[in-house]
Amino acid sequence: MARVIAVCNQKGGVGKTTTSVNLASYLAIMGRKVLLVDFDPQANASSALGVDPMKTERSVYHGIIGAVEPQHICRTSALSNLDLFPAAPHLAGALVELVSVPERESYLRKFLHRVRHQYHYIFIDLPPSLSLLTVNGLVASDEVLIPVQAEYYSLEGIGQLLQTVKLIRDNLKHPLSITGALITMYDKREKLSREVAWNLRKNFPHKVFDVEIPRSVALAEAPSFSKPVALYRPDSTGALAYQRLAHEVLLQERALTSSNHFVSPDFGNFALANN
């Protein structure tokens, strides 16, 4: 049964899609069967794996509304172990269509339940906002991975996201865990990057991954070639960082297997000192 992990941050531009695509890719390279679910109407994750959202007639939207079977929307990628449920701009229509239906928060969860036994990992790339799509993605997940850009504005949004997770746990009775926070766009030469990393590691009440994802030209260029960085520039600093992140996630997998569960997280007050 797959670990279903939402990659989420309510702030845009923090490396959410870059993390979804490249972490999924490296886990696939390491022998895990992985599904990437693009649940953002901007469909950047789909584009990064070579699927043109403007030419996508069947997307994850058609899956969640019951119009097609999962196998009819699943796309293979250049990596043999990595599949994609693509998105397209019409996914935004779900925000209107589902707003008044019963159990509207669970449509994606029910859809993915039909395929999760086929994979080791399912990653859900969520939009950078708190909407019905985001709530669907969180309810469909077992865990949340939070990319955090190495700047103070990014830190301020983490508390809001943790409160959202708490509301889902309390109001929807869904036991969502925190996989960890991931520092992105890190530049060790910059004092600000070092300060943000220090503050996050000191104050964040859950795991912060050891690896920091650096600013990398290769990471920025890879989507324009419709490739994950592992296929575009495997020798780049960005590629090596995501390879390390995949190893860290695999270490969590072993801990999860030995304990058979994650400890329920403590959603206490989260405040980051800015100085």
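A short reminder: the numbers here are calculations on the coordinates, not readings from a lab. Owing to the predicted nature of the structure, the values given are computational and were not obtained by experimental measurement. Cβ atoms come from the backbone with ideal geometry, glycine included; neighbour counts cover every protein chain shown.
What residues have an amide H closer than 5 Å to that of residue 3, excluding those fewer than 5 places away on the same chain, when H is modeled at 1.01 Å from N in the peptide plane?
Amide H neighbours of residue 3, under 5 Å, 5+ apart: 121, 122.
Could you give me the percent of Cα pairs per 5 Å distance bin for the chain, shortest bin first, beginning at zero and ending with the bin that holds the maximum distance?
Using 5 Å bins, I get a P(r) of 1, 6, 13, 18, 20, 18, 13, 7, 3, 1, 0 for the chain.
Positive end of the charge dipole of the chain (Lys, Arg +1 and Asp, Glu -1 on Cβ, about the Cα centre): tell me which of 59, 120, 130 has its Cα farthest that way.
So the residue furthest toward the plus end is 120.
Show the residues, 5+ positions off or on another chain, whose built amide H is closer than 5 Å to the amide H of residue 148.
It is 182, 183, 184, by chain and number.
Compare 153, 61, 26 in a GNM of the chain, Cα atoms joined below 10 Å, and give the one with the largest fluctuation.
153
Counting only complete DSSP H runs, which helices of the chain cover 24 Å or more along their long axis at the Cα atoms and score a mean Kyte-Doolittle of -1.0 or above? Walk me through the numbers before you get to the answer.
Values: long enough: 152-171 (30 Å, -0.12); 237-259 (33 Å, -0.02).
Length and hydropathy pass: 152-171, 237-259.
What is the set of long-range amide H partners of residue 174 at a cut-off below 5 Å, with H atoms built 1.01 Å from backbone N?
Under 5 Å from the amide H of residue 174: 169.
Each residue of region 211-219 in turn: what ³J(HN,Hα) in whole Hz from Karplus with 6.51, -1.76, 1.60 and θ = phi - 60°, glycine and Pro shown as x?
Computed from phi, the couplings for region 211-219 are 6, 10, 7, x, 5, 8, 4, 4, 5 Hz.
Greater than 24 Å separation of Cα atoms is the criterion. Which listed pairs, 166/207; 110/166; 55/227; 16/188; 166/191; 110/207, meet it?
On the way: 166/207 17 Å; 110/166 21 Å; 55/227 18 Å; 16/188 20 Å; 166/191 33 Å; 110/207 29 Å.
Beyond 24 Å: 166/191; 110/207.
Run the numbers for residue 172 and residue 152: contour at 0.36 nm per residue of separation, minus the present Cα-Cα distance, in nm.
Details: separation 20, 0.36 × 20 = 7.20 nm, distance 3.08 nm.
Here the answer is 4.1 nm.
Once the piece of chain linking residue 30 and residue 237 is laid out straight, how much longer is it, given 0.36 nm per residue of separation minus the C-alpha distance between them?
Full extension of this stretch gives 72.7 nm more.
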